[in-house]
Amino acid sequence: MPSTCIVCQANSDELPLLKLHFQKNDYYICPQHFPILIHKPAQLIGLLPGAERLLPHDHDHDHAHE
């Protein structure tokens, strides 16, 4: 079974894929959809088991030390 993006189902022949190892399983996501994992992980509910427990990146915290 070829590796495919959990969002768009593109395979590694079409696009480069990033491998995620999560809960003892491997998942793949393409660079186009990788920002969803960081900024809007709730959009992965139903696509990535446990996504409902992932928190989005806190942009306010980035500038806390300036």
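A short reminder: the numbers here are calculations on the coordinates, not readings from a lab. Every value quoted in this text rests on a predicted model; they were computed, and no experiment measured them. Cβ atoms come from the backbone with ideal geometry, glycine included; neighbour counts cover every protein chain shown.
Roughly how big is the chain's charge dipole about its Cα centre, with Cβ charges of +1 (Lys, Arg) and -1 (Asp, Glu), in debye to the nearest 20?
Numbers: 4 positive and 8 negative charges, 63 e Å.
Here the size comes out at about 300 debye.
Give, in nm to one decimal, the length gained when the segment between Gln9 and Asn25 is fully stretched (0.36 nm per residue of separation minus the Cα-Cα distance). Don't skip to the answer; put the middle values down first.
Details: separation 16, 0.36 × 16 = 5.76 nm, distance 1.71 nm.
Gain in length upon complete extension: 4.0 nm.
Could you give the alpha-carbon Rg of the chain over 2.2 N^0.38 Å, rounded to two decimals?
Working: Rg = 13.4 Å, N = 66, 2.2 N^0.38 = 10.8 Å.
Here the answer is 1.24, to two decimals.
List the residues whose amide H sits under 5 Å from the amide H of Leu20, counting only those 5 or more places along or on another chain, with H placed 1.01 Å from N in the peptide plane.
Residues meeting the amide H criterion: Tyr27, Tyr28, Ile29.
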